[in-house]
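Single-structure report; data block below.
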């Protein structure tokens, strides 16, 4: 099970920790009243505070603090009742104040953990080192003008949560599972929309390698800009192999920041001639420490939704689902909610099966999320009822389901309109069976030697009825007639 | 603490202040002088002292999550040395 | 006739305006004439005569119907550190060239809302860093004061030097100042006027160009204690846009000025009796002690043991905060841009040419003390000593109501004196910096003249949020001192 990379000198292990920047879901920015919505005209969501104008002062947004604490609670983490905003000083044209307000020595959230669902139903715990609040920077566009860059400060000052994991991740796949799980938790909590395309969730990976059996950690590199699930795995794998190759050639890994180039699928050094950063952190004298009361924290805790791990366990315990199915269903809160709505009116295992396989398959093919499903949970439950009471055969049910997906109609309507009810009235089927036996004496003989041939007769009856006959009922009539023939 | 010219040059680069080489000796002398003077704080025993974090102990406040500003691109860019199409124009940022 | 108009105190001018004996337009015009006449003092960076007359006219309309705020129709100077919407704001620096704020500072906004008339933006040390107003990119300010015997220009003190010169020289009825380590009180002392710095958090810092955020406070400068009280009432108050602004009501400080001081306990800190102290300073201090004793105050010797560490502490914390606060002046979004061959060069040239030598010195010191490996030894250490200094005061205030000290260790000096050695220059703030570090309210009032005929200031420090007692004590000193000397520069020029 353990992921290793085979090198010339032996087996190597990957050691990885992730730093995720998650945009806090809020109306306004962390320290100003400008809007956070994505995609506005350049510099249209900027207050003088975000533009670093003289004399402008920050005042912290209550909701951003609450969201960070909610996230901390969702990560089963320690909440620090006193946290301090500090200034991280560096010059960059998209950083208007000349410093980023961040938390350094005293983050709002301390140690926590995330449980990964591995294949085969196992789980693995990855430690969370800390979560802190900070401001996002603006956006630079480098190639729009000759010798110049263009700056848009709409993102400047938007609240981010930096979520740092322990170096507990041991494979590219685990890194992806971690990102997926973190995204799931954030989306459940409603504290970050998890949209990687819009940059709401960004990831840097700290990667090092060591030989299997080796203790301690070797030098790590920080890989920046791994901003899709796909790239997370590729960047880590590439970087691990690069480091192994270096070691095996007698070289050494230098601690540095590297950039993942998604076009080439490789990492490259970001080292410039500029000397090492010296951020000169110090507590921001414009802001007082953030102080949380027990009442506040407990209030936020009480308001938390059921989280994916708890929901998964409940699905297993209450609905008798397997760990895998339960895991798939809880990955998105909307899917879990959909399933529960179906399971409230139908047999849960069948509901899970249909949600995952049939509905999941059609949605996937249509490129839609569960929120856009043309089939409402009640409609799926109604279909499952028709299946259960024998009105529809399994095959017919799937056909009806496809039609429901296409039209959005209720299953009852589709069945009625197209006269698709399963034929249970044997009086209309008996003549067909009699005729069949009469027309196929050879097959009847074969049946006498091999009773399995009853299946062929059943198939013929089904064909003749356009699939509307109930196969079990057909066989009940068919068998005595064949035996008597 | 005596600052040498190389240190002053490094600090100046960190502060993004261009300092002509011929000013370095004088600056090194002045800054060393100031630092030498402030170092008398070393005499004070502060082992059991918490650093001052808020000048006046007032309760910390948080504002409501409401959009109250924005939609003033012209204001934002009015003082810009250069702007284009709603953007600030700055010297090319070398990656 | 005009001269007497500009000689009126704020309180008297307000009474005459309300009684409609004079109009704001008349008063404003008199001040505008004075500003023009004494332009060579360089007290104003930007004069706003049209705006002033328009505001005066609006005030007259209100006064005509018996309306108007507590500062209605009173022409004031606004230190050029306060951002004023539509009026350029320079902070005395080259680097803010061409900058016109699209917003108004809370304090200036409150003053305009109270009816004050803006004569212009007063000169100041660059980014408020200085004690003599000689670091201004817009040139030094000449004090209306000279020695009695010689007609050579003296510095007005700093950093609120333009405001001090304008108030002392009758170019405005009052002016705003800001005080980080003494920038209101020291120039007030040099100029023979009153200057009050309230408790940190009393006046909003929103819209004031930041020097050192944990120390900066706005305050009032005027020719009488009561004038300062009236003006400070209009400036103070809670502002939700400043996280360090205190949500407290503004007391009636004007009334406090008339409060008897009998029974007040006045602390005299022995550590302020520094070695080599000018005997004339000592004498004026003793004079203050005697006056308060005569008014029925109880004089108590107290100890503020960490006083000698206040200046070094200040000269770590203030430059550290300044180095970060001034990072935004990078030539990208407003102000000066000096193009280089690339971004890094543009930064370097803009900040190299845009900042003067004293600002550069402090930014460099601040950068150094925050840099990797030095933070604990300098900045953290300084914040710990700062707590000890603050605790000294709080402990002393268990026994006394006010602390009396001199405002500055010397009278005004000539430009060029004390300039060679930054540390010698920093010593100007030796008596004002400790209370700044502790965030306490403090005020300078004229205590008399030295042998050269130059004003010397007395300095009262109060308990947190107890400006009222500071005003009461200051008013008592003012009555006893009966200081009514007009600057000689003004007489000679007139």
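Values in this text are rule-based calculations from the coordinates and carry no lab data. This structure is a prediction, so every number in the text was calculated from the model and none was measured. A quick note on method: Cβ atoms are made from the backbone with ideal geometry, for glycine too, and the neighbour counts reach across all protein chains shown.
Estimated from helical segments only, the mean residue ellipticity of the protein assembly as shown at 222 nm is -11000 deg cm²/dmol, where each DSSP H run of four or more residues counts as -39500 (n - 2.57).
Extending 7 Å from the Cα toward the beta-carbon at both residue C:479 and residue B:66 defines two label points whose distance is 4.7 nm. The relative contact order of chain B, computed from alpha carbon pairs under 8 Å that lie at least 6 residues apart in sequence, is 21 percent.
Structural descriptor for the range C:145-229: relative contact order 30 percent, calculated from alpha carbon pairs under 8 angstrom and at least 6 residues apart. Note on residue C:150/residue C:61: beta-carbon distance plugged into 1/(1 + (r/R0)^6) with R0 of 51 Å gives a FRET efficiency of 0.60.
How big is the Kirkwood radius of the protein assembly as shown, worked out from every pair of different alpha carbons and given in Å to one decimal? Write out the running numbers ahead of the final one.
Details: mean 1/r = 0.0299 Å⁻¹.
For the protein assembly as shown, the Kirkwood estimate is 33.5 Å.
Take the Cα of residue A:418, go 7 Å toward its beta carbon, and the backbone nitrogen atoms of the range A:342-367 under 20 Å from that spot belong to A:354-355, A:357-366.
Enclosing the Cα atoms of chain B in their convex hull gives a volume equal to 271 cubic angstrom per residue.
Mind running the shape call on chain C? Use the C-alpha gyration tensor, a ≥ b ≥ c as the square roots of the eigenvalues: rounded below 1.5 for a/c, prolate if a/b tops b/c, oblate otherwise. Spell out each step's value before the answer.
Values: a/c = 1.41, a/b = 1.04, b/c = 1.36.
It is rounded, given that a/c, with a ≥ b ≥ c, falls under 1.5.
Under a no-solvent Debye model with one identical scatterer per Cα of the range A:306-417, what's log10 I(q)/I(0) at q = 0.13 Å⁻¹? For the range A:306-417, the Cα-only Debye profile gives -0.45. Within 10 Å of the Cβ of each residue in A:135-142, the mean number of Cβ atoms contributed by other protein chains is 2. With neighbour counts taken as other beta-carbon atoms within 10 Å, the residues A:414, C:289 rank, fewest first, as C:289, A:414.
How would you rank C:47, A:198, going from fewest to most other Cβ atoms within 10 Å of each one's own Cβ? Present the calculation step by step, with values, prior to reporting the outcome.
Working: C:47 19, A:198 11.
With the fewest neighbours first, C:47, A:198 line up as A:198, C:47.
Ordered from longest to shortest, the equivalent ellipsoid semi-axes for the range A:426-484 are 17, 11, 10 Å, each the square root of 5 times a Cα gyration tensor eigenvalue.
Peptide B:26-39 has a mean of 5 when you count, residue by residue, the C-beta atoms of other protein chains within 10 Å of its C-beta. For the range A:196-354, the extents of the C-alpha atoms along the principal axes are 65, 48, 36 Å, listed from largest to smallest.
Label-to-label distance, residue C:377 versus residue A:248, with points set 7 angstrom from Cα along the beta-carbon direction: 4.6 nm.
The calculated FRET efficiency for the pair residue A:41 and residue A:296, based on their C-beta separation and a Förster distance of 30 Å, comes to about 0.20. Inter-label distance, residue A:452 to residue A:481: 2.4 nm, where each label sits 7 Å from its Cα along the C-beta direction. Normalising the average separation of contacting C-alpha pairs (under 8 angstrom, six or more residues apart) by the number of residues puts the relative contact order of chain C at 17 percent. Residue order for A:171, A:269, fewest other beta carbons within 10 angstrom first, comes to A:269, A:171.
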